[in-house]
Amino acid sequence: MTENQFDEFFRKKLGDYSSPVPEDMWRRIKQRKDKERRTLLILLLLLLMVGGTTSYFIFERRAASQKENTALSQKQTNPSTNNSTQNKNQKQTIATQDSTTSSQENKISSLNNETEKSSEPGLNKNNNSKTNESKSTKISNSVIKNNVAKTNREKNLISKNSTDEMNKTGREPIEQNLEQPKNNQANEVTKQNEVAKPGEQVIAEQNNQNNLSSKDSSQKKLQNNAASKEIIIKTHSPIIKNLFVEVYASPDIPVNKISSNNADYLRHKDSTSQMKLSYTFGVRIGAALGEHFTVKTGFQYSDINEKFNYLNKNATRTVPVVITRTLTNSSGETMMLLDTSNLIQAGKDYKLSYNHYKSIDIPILIGYETNGERLKAAFNTGIILNIKTSYKGEILDASLNAADINSYNIYKNNTGVSLYFGLGVSTKLNDNFRLFTEPYVRYRLNSMTGTRQSFSQKINVGGLSLGLRYNF
Amino acid sequence: MTEEQLIKGCVKNNVACQRMLFEQYAGKMMTICLRYACDKPEAEDMLQEAFIKIFSHIHQYKFEGSFEGWMKRIVVNCALKAIQKKKTRFVEISNHDAATPHTDSFAVSNLSEDELIKLISNLPDGYRVVFNLYVMEGYSHDEIAAMLNIQAATSRSQLVKARKLLQKQILLNQKIAI
């Protein structure tokens, strides 16, 4: 038989041959499909929740910033209501002052007219003018006094406005410009006291008016300046403002590293073990040290999954066989004979199980974060202290048989210290929350197996943390 | 129900159509899995994995070419993936001089399909994969080399060794039968 004939024979015989299929095969396929669909739904739900939460925080932040912007623009165009009422009062006082001064002006002008009228005839006129002058002087003095009193009242109003403004918005009181008009007013008043003549009175009155109007505009200027300079004072205590808490979860990819002096064992162990997707989740509390550095610690739970499939080609199975025989003797009596024997069947034994390496750890990390309000990069490194590790499943023992993972005390309950390296980014959701993602590597320093075991095993992990940070 | 209607029903995730499709083709696909696996449980795992993939990718079938051929390709890929996970090593064999045992057609023709499948499954992993891909699936050595990430020469030598082993086993069975 040539090679081609040999190959052709196999092709013809097996090409269209249908082998018997286990009866429960369809049920297994259906169960697996349903499980995958459920997993997909759960993942979609989780994604929706994360997306919804993130969108909510982003929109809330935008709405808050928009509100602040509109409030600011309103303040700039239209100062606060208290200020507006106070301004109204000031304007009213100024208006009344204006009206009084104008009425005083009228009086003075009428007096002046009388003086002019009476100035023409002789001494009487002079006397009259003198008396008129003294009268007018008295009037001017009283007018000036009134103005001074009203100016003082206005000063009080202005200073009151400025303190109110400061209390409301935390603005520094800007008193420098207030001083100037005060001084100017004082100078004007003293000047007026020194020289009291009708013409000068009018000028003085006009100067007063000018001062008042300039005061008004300067007051408005002050308010605008104060509105444009916003100084926000934080009220957090210095210790608590540096603290934050993080919650995170991570899908992990474990990498199994086994070493042994027994090459045969190593080959068999390698073929029976396959690492599967694992996970970690935890909570950390941290503190910011300065602008860039952070320290963090907390608790985390990890579950490393492993598929164990084992084939024993020399497996035997003992089956008891009972043979019942009925014998009839010559006298017609029947006897029942039971013949019991053990049938030993040789064959292959196939095992499939999923192992779990569950650990509770304390991470102690230091980190460096870049500057940035919205987006920050971070590098974190440190150690992860194992508190307790528990195991579930089956492994290959030294005699190449499947054994319970907890038998023979193969693995340690405490696997010691691991090193952690992570490089991530975070984005600001609002003033308190940040969303972060951090790919990381966890490297074990010690073996997970006892010192007297025939092999040494370390499971290193690479993962992608996704978490939320809350700043106090 | 025609095959097209059956496939369209499976695309719509109709469980009844999926079950009908499974029952129609499961036997042939099981034969393929038994050829690639070293035992029945492994073959069952391969078959389960293959049908999951067939149902999830059935919407990609464009009704061009044979549907059975499309399914077979998926089953073979699943089988190869399962074997590669076992980290099968393909060793270059330099000794091609050993004489091939002579088998007569009578000895071979007496073997049943199940016996032939058992003979193939008893081959070492590397020989079995190359024999199946070359003889049963019709791939060339270059194509096999690309699929398995080996040299074409390695593929040829694995096939030679596989044939020798099969023929040796057939002769041995013939002697036992006699």
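The values are calculated or read from the model by the stated rules, or taken from the named source; none is laboratory data. On a predicted model such as this, the values are computed, not experimentally measured, just so you know. Positions of Cβ are backbone-derived with ideal geometry, glycine not excepted, and every protein chain shown enters the neighbour counts. Just the protein is used for accessible areas: all its heavy atoms, side chains included, with ligands, DNA and RNA removed. Shrake-Rupley method; radii C 1.70, N 1.55, O 1.52, S 1.80 Å.
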Residue that is nearest to B:GLU68 (Cα to Cα) [pool: residues in the range A:19-35 that are open to solvent by 60 Å² or more (accessible area, probe 1.4 Å) and not in a helix (DSSP H, G or I)]: A:PRO20
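Quick one: which residue in A:THR85, A:THR70 is modelled with pLDDT of 65 or more, out of contact with any helix residue (DSSP H, G or I) (no Cβ under 8 Å at 6 or more places or on another chain) and either in a helix (DSSP H, G or I) or open to solvent by 60 Å² or more (accessible area, probe 1.4 Å) (or both)?
Answer to the selection: A:THR70.
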Of the criteria (1) open to solvent by 30 Å² or more (accessible area, probe 1.4 Å); (2) under 17 Å from A:PHE455 (Cβ atoms); (3) basic (Lys, Arg), which one A:LYS276 fails: (2)
Counted residues, the range A:453-468 - those being in contact (Cβ under 8 Å) with a residue 60 or more places away in the chain and outside any strand (DSSP E or B): 1
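Rundown of residues vs (1) closer than 25 Å to B:PHE51 by Cβ; (2) β-branched (Val, Ile, Thr); (3) modelled with pLDDT of 90 or more, yes/no style:
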| residue | (1), (2), (3) |
| --- | --- |
| B:ASN77 | yes, no, yes |
| B:ARG89 | no, no, no |
| B:ILE120 | yes, yes, yes |
| B:ASN132 | yes, no, yes |
| B:VAL135 | yes, yes, yes |
Residue within the range A:456-463 that is of a type in the set (Lys, Arg) and in contact with a Lys or Arg (Cβ under 9 Å, 6 or more places away or on another chain) present: yes
Positions within the range A:1-55 being of a type in the set (S, T, N, Q), under 27 Å from B:ALA43 (Cα atoms) and either more than 11 Å from chain B (Cβ to nearest Cβ) or touching a helix residue (DSSP H, G or I) at 6+ places or on another chain (Cβ under 6 Å) (or both), in sequence order: A:SER18, A:SER19, A:THR39
Residue in the range A:433-452 that is least open to solvent (accessible area, probe 1.4 Å), counting only those that are in contact (Cβ under 8 Å) with a residue 40 or more places away in the chain and part of a loop (DSSP other than H, G, I, E, B): A:MET448
Residue in the range B:140-155 that is within 12 Å of another protein chain (Cβ to nearest Cβ), in a helix (DSSP H, G or I) and either touching a residue at least 24 places away in the same chain (Cβ under 8 Å) or more than 17 Å from B:VAL76 (Cβ to Cβ) (or both) present: no
Flag if A:GLY422 is farther than 18 Å from A:ILE285 by Cα and either open to solvent by less than 30 Å² (accessible area, probe 1.4 Å) or polar (S, T, N, Q) (or both): no
Top-ranked residue of the range A:281-316 - restricted to ones that are under 17 Å from the mean Cα position of the chain (by Cα) and outside any strand (DSSP E or B), ranked as nearest to A:THR381 (Cα to Cα): A:HIS292
Some residue of the range A:406-428 being in a loop (DSSP other than H, G, I, E, B) and small (Gly, Ala, Ser): yes
Number of the exception - A:THR294 against (1) surrounded by 15 or more Cβ atoms within 10 Å (Cβ to Cβ); (2) at pLDDT below 90: (2)
Some residue of the range A:337-353 being open to solvent by 70 Å² or more (accessible area, probe 1.4 Å), modelled with pLDDT of 80 or more and touching a strand residue (DSSP E or B) at 6+ places or on another chain (Cβ under 7 Å): no
Every residue from the range A:426-450 that is under 13 Å from A:ASN414 (Cα atoms) and hydroxyl-bearing (Ser, Thr, Tyr): A:SER447, A:THR449
Residues of the range B:114-140 classified as open to solvent by less than 10 Å² (accessible area, probe 1.4 Å) and of a type in the set (S, T, N, Q), total: 1
Subset tally (residues that are away from every other protein chain (no Cβ under 14 Å) and either within 16 Å of B:ASP39 (Cα to Cα) or open to solvent by 40 Å² or more (accessible area, probe 1.4 Å) (or both)) for the range B:53-78: 8
Every pair of residues 6+ apart whose Cβ atoms lie under 8 Å, when the first sits in the range B:159-170 and is touching a residue at least 12 places away in the same chain (Cβ under 8 Å) while the second is of a type in the set (Lys, Arg) and open to solvent by 20 Å² or more (accessible area, probe 1.4 Å): none
Verdict on B:ARG19 being open to solvent by 10 Å² or more (accessible area, probe 1.4 Å) and within 11 Å of the chain's Cα centre (by Cα): no
Test: residue in the range B:29-40 that is in contact with a Cys (Cβ under 9 Å, 6 or more places away or on another chain), at the interface with another protein chain (Cβ under 7 Å from one of its Cβ atoms), under 30 Å from B:VAL130 (Cβ atoms) and part of a helix (DSSP H, G or I): no
Single match in A:ARG11, A:ARG38 (criterion: assigned to a helix (DSSP H, G or I), modelled with pLDDT of 90 or more and not hydrophobic (A, V, I, L, M, F, W, C)): A:ARG11
Enumeration of residues in the range B:1-27 that are within 13 Å of chain A (Cβ to nearest Cβ) and either in contact with a Pro (Cβ under 8 Å, 6 or more places away or on another chain) or closer than 16 Å to B:LYS62 by Cβ (or both): B:CYS10, B:GLY27
Restricting the range A:260-317 to residues that are within 14 Å of another protein chain (Cβ to nearest Cβ) and free of Cβ contacts under 8 Å to residues at least 12 places away in the same chain, the residue that is nearest to A:VAL441 (Cα to Cα): A:SER271
